[in-house]
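Colleague: Could you have a look at this structure, given as structure tokens, before my questions?
The values are calculated or read from the model by the stated rules, or taken from the named source; none is laboratory data. Please read these numbers as outputs of a predicted model, since none were measured by experiment. Glycine also receives a Cβ, built like all others from the backbone with ideal geometry; neighbour counts cover every protein chain displayed.
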Amino acid sequence: MIFALGRLGESEVLPWFLPGVVIWVAVALVAGGRVGRTLGVRRAVALALIVSLGIILSATLTPLRGALDFGAVGSGSCDLSRVGFAPLRDLLRLNEASLNVLLFVPLGGSIAFLPRSRLNVIVVAAAIALPFAIEATQLVVLWLDRACESADVVDNLTGLAIGLGGGIVMRRLAAAAVRQPR
């Protein structure tokens, strides 16, 4: 469960979300050049990768308000009731499923701008593994007071695929515009 059915960034639900994002933006500004050189991309793409990862981690791996105020702990179990795509009607309105999809779209879009290389294959593999790692962490780190759900993995991977597809289209359109004679 990413947003506990609260508004994105609502301090009552995720008190460490915004501070986490600020920290990740600072990390991106400091490390963006080096990451860009390592991955063979412009600094802007590296910044987008780092910030999108930071938003994901801030939204999914910071403790919920209840864990901070009441010492609440997660259940130690994983809800496997949905292993398929969310119904389209759920994705067309703001709710947990649509927010879980939207959360990973920027990461997928950023990855689409990576050149083909062995290192970048590892980045793609890590992005695919990320939703599984997040849910596993939510399952075992009970003091976060998070809920492990198979639906979140499906929704996150859907967002990653949408972002990747959209990024590929944008990359090709940009390349075609550059090749156009003026």
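Colleague: Only one of these is surrounded by 13 or more Cβ atoms within 10 Å (Cβ to Cβ) and aliphatic (A, V, I, L, M): Ala26, Ala48. Name it.
Modeller: Ala48
Colleague: May I ask you to list pairs of residues, at least six apart or on different chains, whose Cβ atoms are under 7 Å apart, with the first in the stretch 109-133 being free of Cβ contacts under 8 Å to residues at least 60 places away in the same chain and closer than 18 Å to Gly54 by Cβ and the second being β-branched (Val, Ile, Thr) and assigned to a helix (DSSP H, G or I)?
Modeller: Ala127/Ile111; Pro131/Val153
Colleague: Also: Pairs needed: first member in the stretch 20-39, among the aliphatic types (A, V, I, L, M); second member anywhere, surrounded by 14 or more Cβ atoms within 10 Å (Cβ to Cβ) and outside any helix (DSSP H, G or I); C-beta distance under 9 Å; at least 6 residues apart or different chains.
Modeller: Val21/Gly9; Val35/Val41; Leu39/Leu114
Colleague: Right, next: Counting only residues that are at pLDDT 95 or above and either loosely packed, with under 14 Cβ neighbours inside 10 Å or acidic (Asp, Glu) (or both), how many does the stretch 97-116 have?
Modeller: Count: 1.
Colleague: If you don't mind, another one. Across the stretch 61-79, what is the total count of residues that are in contact with an Asp or Glu (Cβ under 8 Å, 6 or more places away or on another chain) and at pLDDT 90 or above?
Modeller: The total comes to 3.
Colleague: While we're looking at this one, here's another question. Is it fair to say Val153 is farther than 25 Å from Leu57 by Cβ and modelled with pLDDT of 95 or more?
Modeller: no
Colleague: Which condition number in (1) of a type in the set (Ser, Thr, Tyr); (2) within 14 Å of the chain's Cα centre (by Cα); (3) farther than 24 Å from Arg82 by Cβ is the one that Ser117 fails?
Modeller: Every condition holds for Ser117 apart from (2).
Colleague: Then there is this: Quick test for you: out of Asp79, Asp90, pick the one residue that is of a type in the set (Asp, Glu), surrounded by fewer than 20 Cβ atoms within 10 Å (Cβ to Cβ) and without any contact (Cβ under 8 Å) to a residue 60 or more places away in the chain.
Modeller: Going through Asp79, Asp90 in turn, just one is of a type in the set (Asp, Glu), surrounded by fewer than 20 Cβ atoms within 10 Å (Cβ to Cβ) and without any contact (Cβ under 8 Å) to a residue 60 or more places away in the chain: Asp90.
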